[in-house]
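Enquirer: The structure's right below; bear with me while I get my questions together.
Quick note: the coordinates plus some simple rules give every number you see, no bench work behind them. Not measured: the values here are computed from a predicted model. Using ideal geometry, Cβ is built from the backbone for each residue, glycine included, and neighbour counts are taken over all protein chains shown.
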Amino acid sequence: MDFSIIQESWPIYFDGLVTTVWLTVAALVIGLLLAVPLAVVRVQGGALAQAPIRAFVYFFRGTPLLIQMFLIYYGLGQFQWMQQSVLWSLFSEAWFCALLAFALNTCAYSVEIIRGAIVATSPGEIEAARACGMSRMLMLWRIILPSAFRRALPAYSNEMIFMLHGTALASTVTIVDITGAARIIQSRYYSPWEAFLTAALLYMCLTFTIVFFVRRLEKHWQGHLLPARVSDFE
Amino acid sequence: MKKIAVFLCCFFLALSFTTASFAKEWKTVRVAVEGAYPPFSYIQPDGSIEGFDIDIAHALGQAMGVEIVLVQQNWDGMIPGLLARKYDAIIASMSITEERRKKVGFTDKYYQTPVKFIAKKGAYTNFTEAVLKGKTIGVQRETIHDKYLTAQYGKDVKIKRYGNLDEAYLDITAGRLDLIIADSAALYTGFLTKENGSDYEFVGPDMMDEKWFGEGVGIEVRKQNTKLAEMFNKAIQTIRANGEYKKIQDKYFNFDVYGK
């Protein structure tokens, strides 16, 4: 093993790290912002409003992320009308196609996570809110969503980590993220072990950063829900 | 101990005889070909093997006045099979490289396809290096073409690197790339002669700077068979001179594959 090649090619990895971080953060933010209203409609909306959301979630959870990205990147690029449309300046960029695929994918999973958390709101809290005379919107804003977010956090932190790891697929559409950097180094020096191990370590650092912050959020928001024994261990 | 010594003596004696017998006149030459690199060599539906390499092998055999026996061999076992005397020469589009030179002897090149750009037909009628400025160029990642492009034009152009050329072909038809740089034979058979590549053409000069792209493709023989290598060299000159080479070239390509 010769890790001097990693030292030499550190700038490539650093650029890759930056790309991975912003792709992940942007995808998660866009995905979550879309997912919250969709989840609310999915729980409280009429059957007609629910149908398209169900279909969207069904498609994006039912197909691999790689296929979704290839459909958007290579698939749409095939059509003449797409190439002539005003949107083409966006769709011709690899980063946009990747980000769109990631955001929609994480959105679909987040809808399900948040929907589950909303459904699990205890009926007592809702009854109490009604008894206080809250409107539906106010009840949603003050009672249902805050408690749903707390319940959703552990599952959503998993989704964040999955999304981080999912961005590795961006390297298949010419984006040089951490995995893309590793592929360059691998084929430049014919040393896959060092190249991919470095990438793995970088992903691990990012994953533990996410885990660390989610832990703090969990303690802050749902300390009262944690069983006493768990906090003894920590 | 003595027995072993006697045995070894016999062994080396026998070995020297075999070496001596190989210095004989060549009547038949067994040639390894690959069969999975169109149009240089490929298997026909009926199982026969055809292609540029195969035609060249037969033409060279004729020029040398020897019988050519083709042996089909997969790529990974090519050089080991030669060293194990399963055949006497390799004609399988193998580039002349320093690493291979340590193992085998090379003849002169028998073809050297230039590296070229492709672009949409008519987009670059007056091609100069200046028109490349600001263009997006696709290339296969970490190939000699990638290294060349990065070193020569890296500052002025946007380079997109692909795992294989098929992905680059998709992106140039989608309009994401202005040009692709690669080996001209690969571009020609992989894209330009295909249906979705019909709107594209070669542009710019033939690039074959030895510093970047090596010395071309040669025939491999065992190192000690220098006589066979010489025979091949002479035969290459013969078919170059008598028009046989051009006839074979024109069967597969519409451009010069020999280079300078």
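Enquirer: What base-10 log of the normalised intensity I(q)/I(0) is obtained for the stretch A:4-233 from the Debye formula, alpha carbons as equal point scatterers, at q = 0.11 Å⁻¹?
Expert: Log10 of I(q)/I(0), two decimals: -0.69.
Enquirer: Can you give the calculated 222 nm mean residue ellipticity of chain A, where each DSSP H run of n ≥ 4 adds -39,500 (n - 2.57) and the sum is split over every residue, rounded to the nearest 500 deg cm²/dmol? Intermediate results must be reported in sequence, preceding the final value.
Expert: Numbers: 13 runs with 181 residues, N = 234.
Mean residue ellipticity at 222 nm (helix-derived): -25000 deg cm²/dmol.
Enquirer: Leaving out same-chain residues fewer than 8 places away, which aspartates and glutamates sit with a Cα under 17 Å from that of residue B:160?
Expert: Partners within reach: A:15, A:93, A:177, B:142, B:146, B:171, B:178, B:183.
Enquirer: Okay, next question. Give the separation of the Cα centroids, the stretch B:80-134 to the stretch B:154-204, in Å.
Expert: Centre-to-centre (Cα) distance: 18 Å.
Enquirer: Please name which of A:199, A:134, A:223 has its Cα lying farthest along the dipole of the stretch A:4-233 towards the positive end, using unit charges on Cβ (Lys, Arg +1; Asp, Glu -1) and the Cα centre as origin.
Expert: So the residue furthest toward the plus end is A:134.
Enquirer: Could you sort A:85-93, B:147-155 so that the peptide with the highest average Cβ count within 10 Å comes first and the rest follow in order? If you can, show how the numbers build up before the last one.
Expert: Working: A:85-93: 13.7, B:147-155: 15.2.
Ranked by mean Cβ neighbours within 10 Å, highest first: B:147-155, A:85-93.
Enquirer: Averaged across the residues of A:168-174, what count of C-beta atoms belonging to other chains lies within 10 Å of each residue's C-beta?
Expert: Numbers: counts 0, 0, 0, 1, 3, 5, 12.
If you average over the peptide's residues, the count of other-chain Cβ atoms is 3.
Enquirer: Taking Cα atoms, how many degrees apart are the long axis of helix B:226-241 and the longest axis of chain B, rounded to 10 and kept between 0 and 90?
Expert: 40 degrees
Enquirer: Ignore the peptide's own chain and count Cβ atoms of other chains within 10 Å of each Cβ in A:71-79; give me the average, rounded. Write out the running numbers ahead of the final one.
Expert: Values: counts 0, 0, 5, 6, 2, 1, 6, 4, 1.
Other-chain Cβ atoms within 10 Å of each residue's Cβ, averaged: 3.
Enquirer: Relative contact order for chain A: what percent, with Cα pairs under 8 Å and sequence separation of 6 or more?
Expert: Working: 220 pairs, mean separation 67.2, N = 234.
Relative contact order of chain A: 29 percent.
Enquirer: Using Cα pairs under 8 angstrom and six or more residues apart, how large is the relative contact order of the stretch A:163-204, in percent? Don't skip to the end; give the middle numbers.
Expert: On the way: 34 pairs, mean separation 12.7, N = 42.
That works out to 30 percent.
Enquirer: With θ set to phi - 60° and the Karplus curve 6.51 cos²θ - 1.76 cosθ + 1.60, what are the ³J(HN,Hα) couplings of the stretch A:118-126 in order, to the nearest whole Hz, using x for Gly and Pro?
Expert: Working through the residues one at a time gives 5, 4, 7, 4, 6, x, x, 5, 5 Hz.
Enquirer: Could you order the peptides B:122-131, A:4-13, B:135-144, B:200-209 from most to least packed, using the average number of other C-beta atoms within 10 Å per residue? Before the final figure, lay out each step's value.
Expert: Values: B:122-131: 11.7, A:4-13: 14.3, B:135-144: 19.6, B:200-209: 16.5.
Top of the packing list down: B:135-144, B:200-209, A:4-13, B:122-131.
Enquirer: Looking only at other chains, what is the average number of their beta-carbon atoms within 10 angstrom of each beta-carbon in B:174-181?
Expert: Counting Cβ atoms of other protein chains within 10 Å of each residue's Cβ and averaging gives 4.
Enquirer: Using a Förster radius of 25 Å, what is the FRET efficiency between residue B:215 and residue B:75 based on their Cβ-Cβ separation? Nearest 0.05, please.
Expert: Details: r = 20 Å, r/R0 = 0.79.
Computed FRET efficiency for residue B:215 and residue B:75 comes out at 0.80.
Enquirer: Also, quick follow-up: Using a/c under 1.5 as the rounded threshold, could you call the stretch B:115-213 rounded, prolate or oblate? The axes a ≥ b ≥ c are square roots of the C-alpha gyration tensor eigenvalues, and prolate needs a/b larger than b/c, oblate otherwise.
Expert: On the way: a/c = 1.34, a/b = 1.21, b/c = 1.10.
It is rounded, given that a/c, with a ≥ b ≥ c, falls under 1.5.
Enquirer: If I model a spin label at residue B:206 and residue A:141 as a point 7 Å from the Cα along the Cα→Cβ vector, what separation in nanometres do I get?
Expert: Label at residue B:206, label at residue A:141, 7.5 nm between them.
Enquirer: Here's something else I'd like to know. Between the stretch A:38-100 and the stretch B:234-260, what's the alpha-carbon centroid distance in Å?
Expert: Each part reduced to its Cα centre gives a spacing of 52 Å.
Enquirer: Still on this model: Can you check how the C-alpha radius of gyration of the protein assembly as shown compares to 2.2 N^0.38 Å, as a plain ratio?
Expert: Working: Rg = 31.7 Å, N = 494, 2.2 N^0.38 = 23.2 Å.
The reported ratio for this selection is 1.37.
Enquirer: If you take the square roots of the eigenvalues of the alpha-carbon gyration tensor of the stretch A:67-194 and sort them as a ≥ b ≥ c, do you get rounded (a/c under 1.5), prolate (a/b over b/c) or oblate?
Expert: On the way: a/c = 4.62, a/b = 1.94, b/c = 2.38.
In terms of gyration-tensor shape, oblate.
Enquirer: Considering every Cα-Cα pair within the stretch A:1-122, what fraction, in whole percent, is farther apart than 21 Å? Please report the intermediate quantities before stating the final value.
Expert: Working: 3980 of 7381 pairs.
That tail contains 54 percent of the Cα-Cα pairs.
Enquirer: Sort the following peptides by mean Cβ neighbour count (other Cβ atoms within 10 Å, averaged over residues), highest first: A:106-112, A:44-50. Spell out each step's value before the answer.
Expert: Numbers: A:106-112: 23.3, A:44-50: 10.9.
My ranking of the peptides, most packed first, is A:106-112, A:44-50.
Enquirer: Another question, if that's okay. Where does chain B land on the Kirkwood hydrodynamic radius, alpha-carbon pairs, in angstrom?
Expert: Working: mean 1/r = 0.0489 Å⁻¹.
Final number for the Kirkwood radius of chain B is 20.5 Å.
Enquirer: Specify the residue with the greatest mean-square fluctuation among A:125, A:218, A:194, computed from a Gaussian network of chain A linking alpha-carbon atoms under 10 Å apart.
Expert: A:125
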